[in-house]
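The structure under discussion appears below in the form of structure tokens.
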Amino acid sequence: MLDYLKILFTGSIFANALIVGVLLSVCASLLGVSLVLKKYAMIGDGLSHVSFAAMAVAVATGQSPLAFSLPLVMLTAFLLLRLSEKSRVKGDAAIAVVSTAALAVGAIAARGTNIDIESYLFGSVVAVTRQDVILTVAVAAVTLLLYVLFYNRIFAVTFDETYLAAGGGHPAVYNAVIAILTAVTVVVGMRLVGALLISALILFPPLSAMRLFKSFRGVVTAAAVLSVFSFLTALVVSLFLDVSTSACIVLLDLLIFGGAALFRTLQKGGA
Amino acid sequence: MALLTCENLCLAYDKKVVLSGLSFTVERGNCLCVVGENGSGKSTLMKALLGLLPVAGGTISFGEGLSRKEIAYLPQQSVFQENFPASVREVVLSGRLSRKGFLSFYNREDRQTAERYMEKLGILSLEDSSFQTLSGGQRQRVLLARALSSEPELLLIDEPTTGLDPVMTGDFYDLLEEIVSLGKTVIMVTHDTAAALRYATHILHLHNRPLFFGSSEAYQNSAVGRKYLGK
């Protein structure tokens with residue numbers, strides 16, 4: 001047992017999982033703050049299912065999964081955000097429609113191929129390849145760079161889109177940036193934590209952080225820190241107990257959220 | 001040329017005309033109050049002036065080199081969601097964004113300007129407080145500080161006294177008087193006609209079309225004004 005763990009922790013599998021997981025946790029939580037506040041919390045869920053369907057179709061038709069799914073998921077993200085603004089179908093309903101339809105398409109397309117549905121739905125940390133690491137580092141670098149460059153405008157578009165538009169800013173551009181970055185993060189992230197659980201990375205850290213901090217900067221920073229913390233802890237715990245890492249992340253996130261909510265309640269009661 | 005000129009403006013929502021045949025001008029230093037009943041097209045006009053609603057007919061044109069970046073806006077308070085994490089400082093600083101180019105990092109000038117207006121409006125001590133925990137009057141000061149931080153030529157104000165108690169309303173009008181005395185041009189949409197008359201240099205009375213446009217003295221003596229003011 002100890003030898004097994006030693007190999008796991010010193011080997012490249014663990015290093016790969018560590019790099020990919022930390023970077024994804026940071027990206028997802030940063031984008032998550034804006035998505036949760038703009039009431040698009042479920043978009044990660046919808047996109048991951050589309051990503052699953054796209055990968056299944058790509059494998060079934062013999063195309064490169066990533067090259068096929070990435071543009072498709074970006075397009076979906078873009079349309080979902082636009083749809084929610086303009087159309088008669090409300091955002092939450094639109095996301096639910098896309099989400100379930102994609103899952104159905106994926107399930108049918110995956111039949112007869114050698115796709116391991118379970119690893120797509122629940123992810124597998126140890127299945128992270130060298131290629132995944134390179135891709136994740138690239139995606140995270142772009143996401144973090146854009147996030148830092150546009151940080152003040154991302155705050156503005158999240159807090160008061162109308163004011164930004166009235167001042168000659170272009171909220172549509174920054175919304176599109178958020179949508180595209182979310183799409184990329186989801187596509188890359190679902191290989192690690194799975195289609196069913198990727199939205200937990202987007203949802204939980206911001207929700208917990210919002211209960212602890214009152215400024216936007218505080219929430220963004222805390223979300224990133226909490227996200228990395230729960231990933232690292234869950235990774236170690238899951239390897240020791242030999243259970244699903246993504247499930248561990250979600251349960252730990254839930255625990256942190258519970259703690260944060262309790263803290264908030266106590267604070268309010270005391271004040 | 002006037003700072004703002006609207007000519008034969010027609011505005012519509014979903015192809016349904018809300019406001020038509022509207023022509024008026026705003027000169028630098030004017031305080032124009034737009035009055036009228038609910039559904040008279042006041043808010044629609046505000047949206048169009050902000051560039052949020054395309055005009056269905058006629059034109060809105062800016063003069064004296066005014067660009068959209070020099071227009072600031074004080075929105076109604078109901079538009080903000082509960083529990084949004086934002087400090088007073090963050091909200092006020094975001095007013096500087098319209099002055100920024102592609103890169104939007106705040107520099108020392110931005111921070112000093114924001115601080116100056118926070119001080120002027122008496123909210124500097126609240127700068128680290130959460131925007132959402134403030135009272136209605138304090139929030140309005142924060143939003144006003146945000147608008148003024150962009151050092152605008154033209155300030156658009158939408159129903160400023162909605163949701164404020166009488167004391168806060170009085171405070172707001174004191175602030176408004178100060179802004180007008182600084183030489184800022186103001187266009188304010190309000191249902192509070194009596195108060196509007198005290199501060200406005202000009203009145204535009206709407207009822208899906210202009211019923212009156214002219215100076216506030218002329219309005220008080222006009223048939224529309226007398227009827228609306230109950231004299």
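The values are calculated or read from the model by the stated rules, or taken from the named source; none is laboratory data. Keep in mind it's a predicted model, so treat the numbers as computed, not measured. Reconstructed Cβ throughout: ideal geometry from the backbone, glycine too, with neighbour counts over all protein chains shown. Protein only, heavy atoms only, side chains kept; ligands, DNA and RNA dropped before computing areas. Shrake-Rupley method; radii C 1.70, N 1.55, O 1.52, S 1.80 Å.
For this structure, a couple of remarks:
- Selected residue (criterion: most open to solvent (accessible area, probe 1.4 Å)) from residues of region A:30-69 that are part of a helix (DSSP H, G or I) and without any contact (Cβ under 8 Å) to a residue 12 or more places away in the chain: A:ALA67
- Whenever a residue of region B:131-151 is over 15 Å from B:VAL167 (Cβ atoms), its partners that are basic (Lys, Arg) and modelled with pLDDT of 90 or more, lying with C-beta atoms within less than 6 angstrom and at least six residues away or across chains, give the pairs B:SER149/B:ARG96.
- Residue match in region A:196-204 (condition: more than 11 Å from the chain's Cα centre (by Cα) and farther than 16 Å from A:TYR120 by Cα): no
- Residue ID - nearest to the other protein chains (Cβ to nearest Cβ), chosen from residues in region B:176-190 that are open to solvent by 20 Å² or more (accessible area, probe 1.4 Å) and touching a residue at least 12 places away in the same chain (Cβ under 8 Å): B:LYS184
- Flag for A:LEU164 being open to solvent by less than 40 Å² (accessible area, probe 1.4 Å) and within 21 Å of A:VAL139 (Cβ to Cβ): no
- Wholly enclosed strands (runs of 3 or more DSSP E) of region B:28-114 bearing at least 1 residues open to solvent by less than 50 Å² (accessible area, probe 1.4 Å), over 30 Å from B:THR133 (Cβ atoms) and more than 9 Å from chain A (Cβ to nearest Cβ): B:31-35, B:57-62
- Residue under evaluation A:GLY112, criteria (1) in a helix (DSSP H, G or I); (2) more than 23 Å from A:GLY21 (Cβ to Cβ), criterion not met: (1)
- The helices (runs of 4 or more DSSP H) found wholly in region A:153-271 and carrying at least 1 residues that are at pLDDT 90 or above and within 30 Å of A:PRO65 (Cα to Cα) occupy A:171-193, A:198-212, A:216-241, A:245-270.
Here is a yes/no grid of residues against (1) within 14 Å of chain B (Cβ to nearest Cβ); (2) closer than 17 Å to A:VAL22 by Cβ; (3) open to solvent by less than 40 Å² (accessible area, probe 1.4 Å):
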{"position": "A:PHE150", "(1), (2), (3)": "yes, no, yes"}
{"position": "A:PHE155", "(1), (2), (3)": "yes, no, yes"}
{"position": "A:HIS170", "(1), (2), (3)": "yes, no, no"}
{"position": "A:TYR174", "(1), (2), (3)": "yes, no, yes"}
{"position": "A:THR182", "(1), (2), (3)": "no, no, yes"}
{"position": "A:VAL193", "(1), (2), (3)": "no, yes, yes"}
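- Residue match in region B:139-149 (condition: at the interface with another protein chain (Cβ under 8 Å from one of its Cβ atoms) and part of a loop (DSSP other than H, G, I, E, B)): no
Every residue, every condition in (1) hydroxyl-bearing (Ser, Thr, Tyr); (2) part of a strand (DSSP E or B); (3) at pLDDT 85 or above, yes or no:
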residue	(1), (2), (3)
B:ASN208	no, no, yes
B:PHE213	no, yes, yes
B:GLU217	no, no, yes
B:LYS227	no, no, no
B:LYS231	no, no, no
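- Restricting B:LEU126, B:LEU156 to residues that are among the hydrophobic types (A, V, I, L, M, F, W, C), open to solvent by 10 Å² or more (accessible area, probe 1.4 Å) and at pLDDT 90 or above narrows the list to B:LEU126.
- Flag for A:THR129 being touching a Leu at 6+ places or on another chain (Cβ under 6 Å) and touching a residue at least 60 places away in the same chain (Cβ under 8 Å): no
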